[in-house]
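The values are calculated or read from the model by the stated rules, or taken from the named source; none is laboratory data. Everything quoted here is computed from the prediction, not taken from an experiment. Here the Cβ positions follow ideal geometry from the backbone for every residue, glycine too, while neighbour counts run over all protein chains shown.
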Amino acid sequence: MNNKLKVIQLIDSLNAGGAEMMAVNIANELANENGIVSYLCTTRLEGILKDKLSPRVQYLFLNKKSRLDFRAIKKLNKFINVHQITTIHAHSSSYFMGFLMRLLNPELSLIWHNHYGNSKNLPFQKKIPLQLISKFFAAIISVNKILNEWALNYLKVPRSFYVPNFASFNEHEAPVTLLKGLKDKRMLCLANLRPEKDHLNLLKAFKIVHEKYSDWTLHLVGMDLLDKYSKMLKDYLKSNELNNHVFLYGSCKDTSFILTQTSIGVLSSKSEGLPVALLEYGLAKLPVVVTDVGECAKVVIHERSGMVVVPQNEEELAKAIEVLILNKNLRTVLSTDLYETIEMNYSKSNFIQSLISIYNID
């Protein structure tokens, strides 16, 4: 291992989200590795995940105001030179800032981590300027195989690696959020309020379930952008008289504590990469219902480690939820199998060792 390896994670914000959570998790885990100095830079916005950063991770906030914010560019470049950083690990759209740093410091190794969730629309993504910029990447990391194949076929990058996400809980996380509803009768959806997460499908499914099992409640934890999509969801709750049975909490810092209060984890997405929330469900030993998108059906084997249903079908989703409601023993069996799957195939130790190998490529 290179004893002088100094790695900075580059991410646009620290709002709660899959890519953002991975950037923080990676920075924290690298800080525990001998011979590695770990940094994290947020380019545009700080957020709730800042509190999850380890004190051992050196932090920089650019407060970038535009694509070519020369003040921010100068600030990051100075930081890189002062700390003699060797590797930039750019997540999602932060690759452009990483590219600028690579131009200013040709000796830097630039890694791009593609977390893009809308895998089915990949062939229609604009490849320029990404196709040109990718020539400066030392490697690309993709969170699922579709993304990896896309990178190889469209970006023509010789070093593209499929490295699935991992989940990690902060042992020192303070418990704050108390979920409403009855104990042992709570469903959780851990996802930001964005269209690709298809909360409306989940609300329609829950309405079906609620007609039979009125004592169960649904809890939505994730960033609320207060946009048209958010308003649509809230209007649906109001018009269907579900406000006393479905609860929205926004972004929360104490994810692991929230998971301990939950009986079933649900993801109703119509598009995904590899959702960190699913891995967190498994790590918390929750039985899950997920839609067959992205890598979900690879992580969860239907009726062995969870329930997998087709996306955008509220009736199928409701049936799968009902199966788990009715069979507590099955919930135990499925959640145990999923936990073992996560521990074996999506552990932080496996991820970090793979990542270090990528960092050390010639």
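For this structure, a couple of remarks:
- Among residues of the stretch 75-95 being of a type in the set (V, I, T) and in a helix (DSSP H, G or I), the one that is surrounded by the most Cβ atoms within 10 Å (Cβ to Cβ) is I80.
- Whichever residue in the stretch 167-183 is loosely packed, with under 11 Cβ neighbours inside 10 Å and among the charged types (D, E, K, R) and, among such residues, is nearest to L49 (Cα to Cα): E171
- Subset of the stretch 224-248 [in contact with a Gly (Cβ under 8 Å, 6 or more places away or on another chain) and either among the hydroxyl-bearing types (S, T, Y) or surrounded by fewer than 16 Cβ atoms within 10 Å (Cβ to Cβ) (or both)]: none
- Any chance N327 is free of Cβ contacts under 8 Å to residues at least 24 places away in the same chain, of a type in the set (S, T, N, Q) and not assigned by TED's automatic domain parsing to the domain that holds I146: yes
- Odd one out for K197, checked against (1) surrounded by fewer than 15 Cβ atoms within 10 Å (Cβ to Cβ); (2) assigned by TED's automatic domain parsing to the domain that holds N313: (1)
- Residues satisfying the stated conditions in the stretch 349-362, i.e. touching a residue at least 12 places away in the same chain (Cβ under 8 Å) and either over 18 Å from N144 (Cβ atoms) or aliphatic (A, V, I, L, M) (or both): I352, L355, I356, I358, Y359, N360, I361
- Take the conditions (1) within 21 Å of I321 (Cβ to Cβ); (2) without any contact (Cβ under 8 Å) to a residue 40 or more places away in the chain; (3) not hydrophobic (A, V, I, L, M, F, W, C); K197 misses just one of them, which is (2).
- The stretch 212-241 residues that are under 23 Å from Y281 (Cα atoms), paired with ones that are at pLDDT below 95 and part of a strand (DSSP E or B) (beta carbon under 8 Å, 6 or more apart): none
- Residues located in the stretch 6-19, provided they are in contact with a strand residue (DSSP E or B) (Cβ under 9 Å, 6 or more places away or on another chain) and modelled with pLDDT under 95: N15, A16, A19
- Whichever residue in the stretch 259-290 is out of contact with any strand residue (DSSP E or B) (no Cβ under 6 Å at 6 or more places or on another chain) and among the β-branched types (V, I, T) and, among such residues, is nearest to D184 (Cα to Cα): T260
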